[in-house]
Amino acid sequence: MRPTPLLVALLTVGSVAACSSDKSDSTAATGGPITVKASDTACEVAKSTLDAGTHVFQIANSGNKVTEFYVYAAGDRVMGEVENITPGLSRELRVELPAGTYQTACKPGMIGTGIRADLTVSGSAAPLTEDAALLQATESYTRYITSQSEALVEKTTDFVTAVKGGDIEKSKQLFPIARTYYERIEPVAEIFGDLDPKIDGREDDATAELPFSGFHKLEKDLWETKDISKDGPVADQLLTDVKEVVAKAKAEKLSPLQLANGAKELLDEVANSKITGEEDRYSHTDLWDFAANVDGSQAAVAALRPALEQRDPELVKQIDTAFTNVDNELAKYRVGDGWKLQNELSQAELKGLSDVINALAEPISKIAGVIAKK
Amino acid sequence: MSDKSFPRRRVIALAGAGVAGVAGAAAVGGALLRSSDSAAEAATDQVPFYGPVQAGIVTPAQDRLHFVAFDVVTKSREQLVQMLKDWTAAAARMTAGKDAGEIGATAGILEAPPDDTGEAIGLPAAGLTLTVGFGPTLFRDATGKDRFGLAARKPAALADLPHFPGDTIDATISGGDICVQACANDPQVAVHAIRNLARIGMGVVSVRWSQLGFGRTSSTSTAQTTPRNLFGFKDGTANLKAEETDLLREHLWAVADDGSDWMAGGSYLVSRKIRMMIETWDRTSLGEQEDIIGRTKGEGAPIGQGREFDEPDLTSTSILADAHVRLAHPTTNSGAHLLRRGYNFVDGSDGLGRLNAGLFFIAYQRDPRTHFVPIQLNLARHDAMNEYLRHVSSGLFACPAGVSGPDDFWGRALFA
């Protein structure tokens, strides 16, 4: 990308701005923690109205499924989230909330739109300037990357442990789940040179310098050769590489333009390698990646939403509808907490998915131009 | 894009790198040439887009074809109408040799995808015509549901084609809610037009199937010579031609009294993808080939006559009972004439060492029930040529009258 002066300026300002959800945030929380009782079927948030300021949510998972907790602004812009709250566990979320209307959501099983409740925050709310809206986009997306990265490391650790323990069945179960977090943040992960090919490269991408490794090497051994006895070093390297990419991703501040392009690239990924089944050619778990790419794209768009609302509200409407159509189409193939295998879908069903992705990707490809316009 | 930012960004692009800068400058030059209204060169090969009937029917057949059939994927009539308006505007620009979008392939800001895909930069209009048609499934879906409040406006003439003896129709490359026929003298211009319309339509329509044709197999004007199909024979000698105004009125153009007022000035399009068994045909003797067609291979004269345009003597037994020329002739079919506009195709090979090749047949007519259907039933039952043919795709579309001017759009009368 060729940065234009406008974007260089934003990058600079963005990198010195404080990240509001950082745990080291010195802002004092308003009042005591707000308890959230999460189960497999409920998400009871102790308060539905708050004063503007920084708040701490205390989420306790009493269900049998791993859950997630989100605070969303309009258009599912993530204000704060905690991933991977395992059964019996309690975790905190600290989040700064300006006046406005929000939604809270628990996601038992970590899929779908979750169990929602409205949350109203009152106080003075100054309208954002255009530049502030763009700045906020970067901050908002950084929060997303941070939470996804943490879950990525945890889930990859679980997967790698299962592989090294020789447990083929468990490894197969964990494979698409660990990949979900990687696929959500792929536009950031791809920035760092050889790391993405090492983690996510396919057999036909391998070269003498960069031999076949990472997720797909393990996928092939799990599903095709059915022998993971020699994969200890591959698994260790995968975890090392994932930790490195995560450390870099968290430190990276993406420009608004990079967010816009990332949202589009994630859908290009879906169109070019998930619908066709190229990505997970041994396991056929492509729909997990599909859903994760769409999630990631939606997160990037949501981060840009305040700026887009100011500049092109019609485009925002179009994109909202198109995301809903993708969700509805994809929902046809949900099985339990996961998805049908790619090779279980008929050509007509794959075309249905292809159509809704094309319908979404065209308006999303216009975001970059809207953001770049001064 | 603001006017202020354009020169600045252009300067950045040009200063960015030597090689890229030169390429950028060349591209800008191309866009200017292509977009210029006054370019004398472009004017000579433009076919007017606006007019009482759609271009691309009696227009002298261009050399190349890209035909596409779309499924409508939206449920919103409003979205569909808006897309037809957007398509019409883009079609008017592209047939005039301009870019698909208002900004163009290279004049926009660097951060946004261009509103024209760019492969036609520097190419002339190349006689491009874009012709639209509406299929039976646009009016009612397979379950009989009225999709867009159009069911009552479905013309009786748009009745589904029957199954013809020997048909091996593949549903996935047949039918469709809307078709667009792009014909041009440059294949890249035709492909560019379809590609940009498909892009504009995303979310509203989805490409169901498409077909490239590389050589016209019919002449639609007496000014054109008769081309050859892949059997090596002249095709379309007895075709309806632009100059035959009485016959066109009787056999080609629909009128309001036919039962559908919005189709007045329109015509019905039947498409058939006909695979030819090329390799076995080529092993057939010249005499047998000529007997099957009913014409000589060199001159194209009816058997027993000397010249191509001599009338075949159907009373003579020298034209065999199952000869193609006899079975397809108007006198054998209650006087029915078709305006054929087919193209040769080769879709690579079939994995068995054979060319996947044949004729993409297109015919326009006033009413398929009295024209294509009886003729094809006759051919499908008796034609000696059938041994070398497979009908693999079939389409039927109602092509409305022409677009009158910039305020009009494709399908306005239908959606009125």
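We did not get these values from a lab; they are worked out from the coordinates using the rules stated. As the structure is a prediction and not an experimental result, all values here were calculated from the model. Backbone-built Cβ (ideal geometry, glycine too); neighbour counts: all protein chains shown.
Key figures for this structure:
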{"read-out": "Residue order, fewest to most beta carbons within 10 Å, for B:T172, B:T296", "value": "B:T172, B:T296"}
{"read-out": "Cβ-based net charge around B:G300, under 14 Å, with every Lys or Arg adding one and every Asp or Glu removing one", "value": "-1"}
{"read-out": "Value of relative contact order over segment B:49-125, rounded to a whole percent, pairs C-alpha under 8 Å and six or more apart", "value": "22 percent"}
{"read-out": "Protection proxy ranking, peptides A:199-206, B:80-87, average beta carbon neighbours within 10 Å, highest first", "value": "B:80-87, A:199-206"}
{"read-out": "Using alpha-carbon coordinates, inclination of helix A:286-311 to the longest axis of chain A, degrees", "value": "20 degrees"}
{"read-out": "Amide H contacts of B:T117 (H built 1.01 Å from N, under 5 Å, at least 5 apart or other chain)", "value": "B:A100"}
{"read-out": "By average C-beta atoms within 10 angstrom, highest first, the peptides A:224-234, A:151-161", "value": "A:151-161, A:224-234"}
{"read-out": "Cross-link reach list, lysines versus A:K220, counting only Cα pairs under 21 Å and skipping chain neighbours closer than eight places", "value": "A:K155, A:K164, A:K170, A:K172, A:K198, A:K230, A:K274, A:K340"}
{"read-out": "Local electrostatic count, B:P60, Cβ distance below 15 Å [Lys/Arg +1, Asp/Glu -1]", "value": "+1"}
{"read-out": "Cβ neighbours within 10 Å from other chains - mean over B:199-206", "value": "5"}
{"read-out": "Residues B:H371, B:H163, B:H329 arranged by fewest to most Cβ contacts within 10 Å", "value": "B:H163, B:H329, B:H371"}
{"read-out": "For segment A:106-178 and segment A:215-250, distance of Cα centres in Å", "value": "21 Å"}
{"read-out": "Theoretical ellipticity at 222 nm over the protein assembly as shown - DSSP helices of four or more residues, -39500 (n - 2.57) apiece, nearest 500", "value": "-11500 deg cm²/dmol"}
{"read-out": "Shielding by other protein chains, B:99-111, mean Cβ within 10 Å", "value": "2"}
{"read-out": "Whether chain A is rounded, prolate or oblate, judged on the alpha carbon gyration tensor where a/c under 1.5 counts as rounded", "value": "prolate"}
{"read-out": "Relative contact order, percent, chain B [alpha-carbon distance under 8 Å, six or more residues apart]", "value": "22 percent"}
{"read-out": "Residues B:T237, A:T104 arranged by fewest to most Cβ contacts within 10 Å", "value": "B:T237, A:T104"}
{"read-out": "Shielding of B:292-302 by partner chains, average beta-carbon count, 10 Å", "value": "0"}
{"read-out": "Backbone HN-Hα couplings from phi across segment B:182-193 [Karplus 6.51/-1.76/1.60, Hz, Gly and Pro as x]", "value": "10, 10, 7, 8, 10, x, 5, 5, 5, 5, 4, 5"}
{"read-out": "Phi-based couplings in Hz for segment A:336-341 (Karplus 6.51, -1.76, 1.60; Gly and Pro marked x)", "value": "x, 8, x, 9, 5, 6"}
